[in-house]
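Q: Have a look at this one before I ask anything.
Only the coordinates and a few stated rules stand behind these numbers; no lab work does. What you see is a predicted model; the values in this text were computed from it and never measured. Positions of Cβ are backbone-derived with ideal geometry, glycine not excepted, and every protein chain shown enters the neighbour counts.
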Amino acid sequence: MAVAERAAAETRPDRTSELRKKGYEGRRLGPRQMTTDTAVRVTRLVIEEKGKLLKQIFVRLYRLVTVPLDQIPYIDFPELRINKNESTEMPFRYVKGNTGEPIMPQVRH
């Protein structure tokens, strides 16, 4: 960089400082100054590559931690006791909880 260019760069306002005052972190995209459109393009490429990497990691983790459907304990057509004289049979399949009872959806009022 020529001496005149360096002097001009040193006297430019630090526009990024306004963002830092608002709590945003700064990131360096390299040692050379870039135009705004180039900086945006480089940032987009970095984010897209990070997304691809995260997707690959997620897929690998997913394969490690998934449970086959045939290993999930179910209760088919559970009978729900309403009181000592009444019950109803639910015509569905539910996941069996730790207590041996079906896990039912919670009622929201």
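Q: Residue by residue through region 63-107, note down the ones that are of a type in the set (D, E, K, R), in contact with a strand residue (DSSP E or B) (Cβ under 9 Å, 6 or more places away or on another chain) and part of a loop (DSSP other than H, G, I, E, B).
A: Kept after step one, since they are of a type in the set (D, E, K, R), are these residues of region 63-107: 63, 70, 76, 79, 81, 84, 86, 89, 93, 96, 101.
Then drop every residue that is not in contact with a strand residue (DSSP E or B) (Cβ under 9 Å, 6 or more places away or on another chain), which leaves 76, 79, 81, 89, 93, 96, 101.
Within region 63-107, just GLU101 meets the criteria.
Q: Out of region 61-79, which residues are without any contact (Cβ under 8 Å) to a residue 12 or more places away in the chain and surrounded by 10 or more Cβ atoms within 10 Å (Cβ to Cβ)?
A: Of all residues in region 61-79, those without any contact (Cβ under 8 Å) to a residue 12 or more places away in the chain come to 61-71, 79.
Hits for region 61-79 are LEU61, GLU79.
Q: Does GLU86 qualify as being exposed (fewer than 10 other Cβ atoms within 10 Å of the Cβ) and more than 32 Å from the chain's Cα centre (by Cα)?
A: Numbers: exposed (fewer than 10 other Cβ atoms within 10 Å of the Cβ): yes; more than 32 Å from the chain's Cα centre (by Cα): yes.
Against the criterion (exposed (fewer than 10 other Cβ atoms within 10 Å of the Cβ) and more than 32 Å from the chain's Cα centre (by Cα)), GLU86 qualifies.
Q: Which residue pairs have Cβ atoms closer than 6 Å, lie 6 or more positions apart in sequence or on different chains, and pair a first residue in region 85-107 that is over 20 Å from GLN71 (Cβ atoms) with a second residue that is among the basic types (Lys, Arg)?
A: SER87/ARG81
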